[in-house]
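Colleague: Before anything else, here's the structure in question.
The values are calculated or read from the model by the stated rules, or taken from the named source; none is laboratory data. None of these values were measured; they are calculated from a predicted model. Glycine gets a Cβ as well: all are built from the backbone with ideal geometry, and neighbour counts include every protein chain shown.
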Amino acid sequence: MKIVPIFADKLFSFHYEGECLDEYGRLLDAWNDPEYLFDFAEENKDYIAQLGYSTDGFVERILVDAEILEELLLKYRDNELLIDSCFQPLHNQEYKSKILSLQKKRCRFLRLYAIRIDVNCYVITGGAIKITRTMQEHPDANKEFQKLEQCKNYLQSKDVFDEDSFFEIIGE
């Protein structure tokens, strides 16, 4: 498991062993790939139908959402916005920021999952196309929840508790 920078000292991404890309790159590639999205929609057509979408309509919606998400993240990279305003707590009951808080960025059906390291500093652990009410109701989203927990445990095992301790481990 390795952590790579995405946007200077604001946004990072986990790069898991055996994967060609880090999670940020992997997700953007998948969410911009009509063939991947069509296969996903076909595998999940019952969920998609309950949402009121046809396969083609759903794929189009995800492609638009991916473009919106990418443009939004570029604004954070270019310092037009603080990245803290991008992510929100994973659990709606969490009102106060805490160390290694689990976070999400929502864009209709797309979710980027990240861990808040400190003010304006996040590391992406993964993401999902969320088509169920809770993460636990769909195997893909549930897998992403497990990755969030795994990454949080990894950071805790490395004694990460703020931005300084985080930069120490990524400099190793």
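Colleague: What are the residues in segment 6-36 that are out of contact with any strand residue (DSSP E or B) (no Cβ under 8 Å at 6 or more places or on another chain), closer than 18 Å to Glu67 by Cα and among the hydrophobic types (A, V, I, L, M, F, W, C), if any?
Modeller: Matches in segment 6-36: Phe7, Leu28, Ala30.
Colleague: Within the set of pairs 6+ apart or on separate chains, which have a first residue in segment 36-64 that is of a type in the set (Lys, Arg), a second that is crowded, with 19+ Cβ neighbours inside 10 Å, and C-beta atoms under 8 Å apart?
Modeller: Arg61/Tyr53
Colleague: Just a yes or no: is a residue in segment 48-67 loosely packed, with under 12 Cβ neighbours inside 10 Å and at pLDDT below 90?
Modeller: Checked against the condition, which is being loosely packed, with under 12 Cβ neighbours inside 10 Å and at pLDDT below 90, segment 48-67 yields no hits at all.
Colleague: Moving to a separate point now. Scan segment 154-166 for residues that are assigned to a helix (DSSP H, G or I) and either among the aliphatic types (A, V, I, L, M) or farther than 17 Å from His15 by Cβ (or both) and report the count.
Modeller: 6
Colleague: Against the condition touching a helix residue (DSSP H, G or I) at 6+ places or on another chain (Cβ under 7 Å) and assigned to a helix (DSSP H, G or I), how does Tyr36 come out, does it pass?
Modeller: So Tyr36 fits the description; yes.
Colleague: If a residue must be touching a residue at least 60 places away in the same chain (Cβ under 8 Å), in contact with a strand residue (DSSP E or B) (Cβ under 9 Å, 6 or more places away or on another chain) and crowded, with 19+ Cβ neighbours inside 10 Å, how many such residues does segment 122-146 contain?
Modeller: Final tally of qualifying residues: 7.
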